[in-house]
Amino acid sequence: MKQAKKSLFVFLIMLATIHVAGNAQISGRKILFNKDWKFQLGSVANAEQPSYNDSKWRTLELPHDWSVEPLPVQRDGITVGPFSRMSEGNWDTGQTIGGEGWYRKTFILSPEDVEKRLILYFEGISNQSEVWINGKKVYYNPYAYTSYRIDITGYCHAPGVENTIVVKAINTGLNSRWYVGSGIFRHVWLIRTNKIYLDEWDTFFDASELKGKDALVQFSTIVHNQKQQQAIADLQIKVYSPTGKEVATVSRKLTMDAETPVATSFTIKNPELWSVDTPVLYTAEVTVSSNEKEYDKITVPFGIRTIDVSAEKGFQLNGKSIKLKGGCLHHDNGLLGAVTINRAEERKVELMKANGYNAVRCAHNQVSEYFLEACDRLGMLVIHETFDQWQQSKRDNDYAQFFDEWSDKDLAASVRRDRNHPSIIMWSIGNEVAQRADEPQGDIISKRLVNTICKYDDSRFTTIGANDFWDRRHFTWDKDAHRAFKNVDIAGYNYVWRKYESDHEADPKRIVYGSESYPKEAAQNWNLVEKHPYIIGDFVWTSIDYLGEAGLAHALELASEERDPQFMSWPWYNGWCGDIDLCGDKKPQSYYRDIVWREREIAMAVRRPVAQGKNEIVNGWGWTDELLSWNWPGLEGQPMRVNVYSRSPKVRLYQDNVLIGEKEVHPELYTATFEINYKPGELKAVNVNYKKETASTILKTSGVPAAIRLTADRNRITADKNDLSYVKIEIVDKDGNLVPDATLPVTITSSGNGRVIASGNGGYDDMESFRSLTPRTFRGRAMAIVQPTEEKGQIQLTVSSEGLPTNSILIETY
């Protein structure tokens, strides 16, 4: 045992790292600090004191969101899993509970850390957070999404003495219009540097200009010197191409004060340009040395690309006009809640790319670092937004109460952290903010925010997402909207596409895009985008379903005297307006968008009859209640509405190979509608061009459930808890066809080097299935999310359902 302790000590000294409870992941100067936190839900007295006894607290690994965990007390009719009728946020927060939570962690410095500078970096804590080090309060942060860093050097004990970090997270009151989550929901890092150091947030590679065929890179940083004496230093920059070849070297000799700003420029010959189709990245190494000793080195990925915009040519990337096929996106990860695991962030970008999107509007807050890294690597353009309100609140306890004191700090943190990402093309100063056109306050605020952005980055465009004046009845769009846009470069229109052309007549230089639009108005929006260069794109609300704003999208069958609600109450918890559901599956509106964006040639969906005496009411964000299905048991002989979506002039519909009819497709809505009596069999829709049949699509009645099909998005993943495998569970018939009306309970188990961390379905109101290991399938499907341990090997996922053969799938971890 003594020899083992000695070996461990030597190992720690060799790595010059920190010993923590458990084994921290070590990565040079930046250590992932997610492991072995203690957690307690509820108010706790004196928990910030190092002497507090937390032995009965739960041990967990970050990131963590307690609002999607089952409530400790389940009461019939009141609570289901994490949902409660007592939720303060009601439909806003998807019937979930916030509250107060406490986290504690201990660590011990090694002797090598005596002269180090120690920074604790939190990427995101919901909603307000306070931090103590060894009993001393060191920071308070009011905004869940803002990343912040704390210099804890002066609060730490000498090597060998235990240090205690305590975090209090509070998520109470009516503080958000959507699901935020609760707790330390993003990564925590410990950053260790020498007293002479560099800071990634100070460092900017502006590679947005080309001189002929060469890239002109503007570089800036600050060299920090805490040695309390002036010193001579060498700053060196090395830039490597996407293939690892060194393509530029720059050296500067400095006389260092406490802070020494550095600015220089250099060229890269014949660079590869970053784009949505070729998202190539360069890597810069920045090193500071003094007296031949290297004090610090940081690595900064960046992309070389140009962006431009004009009313005449629209948005241009690398000199080529490109239309923004956009989707708005909230930050949560569906069944995972707000937990920000790297693979979950990457998968959202993959899903959007796979469904035709080339741009995302981050609504309405700073996103995770890894989400932006994924956008860089996969080629997704980004509108980076920070605020959903300014001084005037939308909910009683929201960020408006902190706006005056914190908005410049939060916006500066967003820009400084993220400005090296080539994917970002616009900084947005707000979404549907009430004061957008107020005089003089709206003008004062917007100028201040734009100036804050430009202080740190003037290479991108500024924007705002503005809505019509339902919240300012004394204003009108035609007379007053121009004030919302006077201080930004590009005007974002939320649901105001009908004003595009008339506004252009009034202001021919204004550049606009649909910052939010209804799914059912995709064609109207996109037709104008394609028609006019000054309309640069459209962003649907939303690309992927999210928690909260429950039932914002819905289609209801109502009698004439019944009222259509804005949101849906218990048991709805999902916004349901996404093109893609919580499990990553396409909804009917997504197939329609494929037609609008020319991603698909033909699609077809079916709606059952509306109940007698009622009408289908589809609200703004909703979609008619249709399915890509020809399974309608019990409706034999009844008339079904069949929508065929196509850009072809005409389409034909066949039932069981018998021609039912041929219809012209609406030239602007790309829809032809048929009515046909249901009988099991096959429907086939075919495009007709110049009397010739071309592309087709088929809906076929499936057989009865016969098997469970398991499909992993990746069967081989790294042995790292930041990796995941998403396993789709499908109920199929004997021929392998999905049974789209199958609502069957399944049981999910796992063994080996991993576990299921979340499972459920893509539905909007099935609370019992949310994060359950015994979920029901929704439209024939469910999902299991598998997380590996840190050991190489295999994970076996097994799914069973009564009356069906059990099935298993193996996932390799390496």
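The values are calculated or read from the model by the stated rules, or taken from the named source; none is laboratory data. Note that the structure is predicted; figures quoted are calculated from it, not measured. Counting neighbours? That spans all protein chains shown, and the Cβs are built from the backbone with ideal geometry, glycine included. We work out accessible area using only protein heavy atoms, side chains counted, and drop any ligands, DNA or RNA first. Shrake-Rupley method; radii C 1.70, N 1.55, O 1.52, S 1.80 Å.
Would you be able to say whether some residue in the stretch 191-209 is surrounded by fewer than 18 Cβ atoms within 10 Å (Cβ to Cβ), touching a Phe, Trp or Tyr at 6+ places or on another chain (Cβ under 7 Å) and within 16 Å of PHE302 (Cβ to Cβ)? No, there is no match, as no residue in the stretch 191-209 is surrounded by fewer than 18 Cβ atoms within 10 Å (Cβ to Cβ), touching a Phe, Trp or Tyr at 6+ places or on another chain (Cβ under 7 Å) and within 16 Å of PHE302 (Cβ to Cβ). Collect the residues in the stretch 342-363 that are in a loop (DSSP other than H, G, I, E, B) and surrounded by 23 or more Cβ atoms within 10 Å (Cβ to Cβ), keeping them in residue-number order. TYR357, ALA363 - these are the residues of the stretch 342-363 that are in a loop (DSSP other than H, G, I, E, B) and surrounded by 23 or more Cβ atoms within 10 Å (Cβ to Cβ).
Is it the case that LEU281 is under 27 Å from PRO533 (Cβ atoms) and under 26 Å from the mean Cα position of the chain (by Cα)? Answer is no for this residue. Take the conditions (1) of a type in the set (A, V, I, L, M, F, W, C); (2) out of contact with any Pro (no Cβ under 8 Å at 6 or more places or on another chain); (3) touching a residue at least 40 places away in the same chain (Cβ under 8 Å); ALA215 misses just one of them, which is (2).
Set side by side, the residues VAL651, VAL644, VAL610 differ, and just one is touching a strand residue (DSSP E or B) at 6+ places or on another chain (Cβ under 7 Å), part of a loop (DSSP other than H, G, I, E, B) and at pLDDT 95 or above, which is VAL610.
Every residue, every condition in (1) farther than 19 Å from ILE429 by Cβ; (2) acidic (Asp, Glu); (3) part of a loop (DSSP other than H, G, I, E, B), yes or no:
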position: VAL488; (1), (2), (3): no, no, yes
position: TYR513; (1), (2), (3): no, no, no
position: GLU516; (1), (2), (3): no, yes, no
position: GLN524; (1), (2), (3): yes, no, no
position: PRO533; (1), (2), (3): yes, no, yes
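For the stretch 242-286, the set of residues classified as surrounded by fewer than 17 Cβ atoms within 10 Å (Cβ to Cβ), of a type in the set (S, T, N, Q) and at pLDDT 95 or above consists of THR243, THR249, SER251, THR264, SER265, THR267, ASN270, THR278, THR283, listed by residue number.
The set of residues from the stretch 559-607 being closer than 21 Å to VAL540 by Cα, more than 22 Å from the chain's Cα centre (by Cα), among the aliphatic types (A, V, I, L, M) and part of a loop (DSSP other than H, G, I, E, B) comprises just one member, MET568.
Listed here are the residues, each with its yes/no results for (1) aliphatic (A, V, I, L, M); (2) open to solvent by 60 Å² or more (accessible area, probe 1.4 Å); (3) under 25 Å from HIS554 (Cβ atoms).
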position	(1), (2), (3)
TRP623	no, no, yes
ASN643	no, no, yes
PRO649	no, yes, no
LEU659	yes, yes, no
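Note on the stretch 370-400: residues that are open to solvent by 10 Å² or more (accessible area, probe 1.4 Å), in contact with a helix residue (DSSP H, G or I) (Cβ under 7 Å, 6 or more places away or on another chain) and either among the aromatic types (Phe, Trp, Tyr) or farther than 27 Å from ALA484 by Cβ (or both) amount to 2. When restricted to residues that are without any contact (Cβ under 8 Å) to a residue 60 or more places away in the chain and assigned to a strand (DSSP E or B), the stretch 294-322 contains 5.
Residues that are aromatic (Phe, Trp, Tyr) and over 27 Å from the mean Cα position of the chain (by Cα) were ranked within the stretch 101-139; the one that is most open to solvent (accessible area, probe 1.4 Å) is TRP132.
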